[in-house]
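Data block below; observations after.
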Amino acid sequence: FYTRLKQYKEGFEIINKAIYYNPNNARLHYLLSSLYRKYNQPENCINSLKKSVFMAPDNINYRFNLAQEYKNQGLYQQAVEQWEKCLEIDQKHKQTLIALNKIHNELRISNYKYNNANKYKSAYMRLSN
């Protein structure tokens, strides 16, 4: 709510208090990552997302957003690794297939890890047809 109103300071206070009382709540860490993103604090954003993924490893949204944040910071290998884990959860997750296809096309990568992204290109192509 406070994020929508752009009252980030109040949002930080509430989320931090909630985390103090519920430190193992993945959703709270995810919400905190959104505030860090708005405040342009990428390291804190990634750390909060990593906590949410650790607490809820099968939550594809948390993993996908962690991958996006890695990509935004130029950490492409970590991004691809998280997107691959997203596809382990859901092989047909359209956003992930699109992201892997896009990173492959953007970087034209020859590295092994990035070439793994290419194997998802055909799956993406099947979805888009």
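How much length, in nm to one decimal, is gained on full extension between residue 21 and residue 94, taken as 0.36 nm per residue of separation minus their Cα-Cα distance?
The residue 21-residue 94 span can extend by a further 22.7 nm.
Residues in region 36-47 carry Karplus couplings, in order, of 4, 4, 5, 8, 6, 10, x, 5, 5, 4, 4, 4 Hz; the curve used is 6.51 cos²θ - 1.76 cosθ + 1.60 with θ = phi - 60°, and Gly or Pro positions show x. Length available on full extension from residue 10 to residue 39: 0.36 nm per residue minus the Cα-Cα distance, which gives 9.2 nm. Across region 11-17, computed HN-Hα scalar couplings (Karplus, 6.51 cos²θ - 1.76 cosθ + 1.60, θ = phi - 60°) run x, 4, 4, 5, 5, 5, 5 Hz from first to last residue, x flagging Gly and Pro.
Sequence-distant contacts, meaning Cα pairs under 8 Å at least 6 residues apart, place the relative contact order of region 1-99 at 17 percent. The chymotrypsin sites (Phe, Trp or Tyr not before Pro) of region 1-108 that DSSP puts in a loop, and whose beta carbon has at most 10 other beta carbons within 10 Å, are 1.
Bear in mind these aren't lab numbers, they're just calculated from the coordinates by the rules spelled out. Please read these numbers as outputs of a predicted model, since none were measured by experiment. Note: ideal-geometry Cβ built from the backbone for every residue, glycine included; neighbour counts use all protein chains shown.
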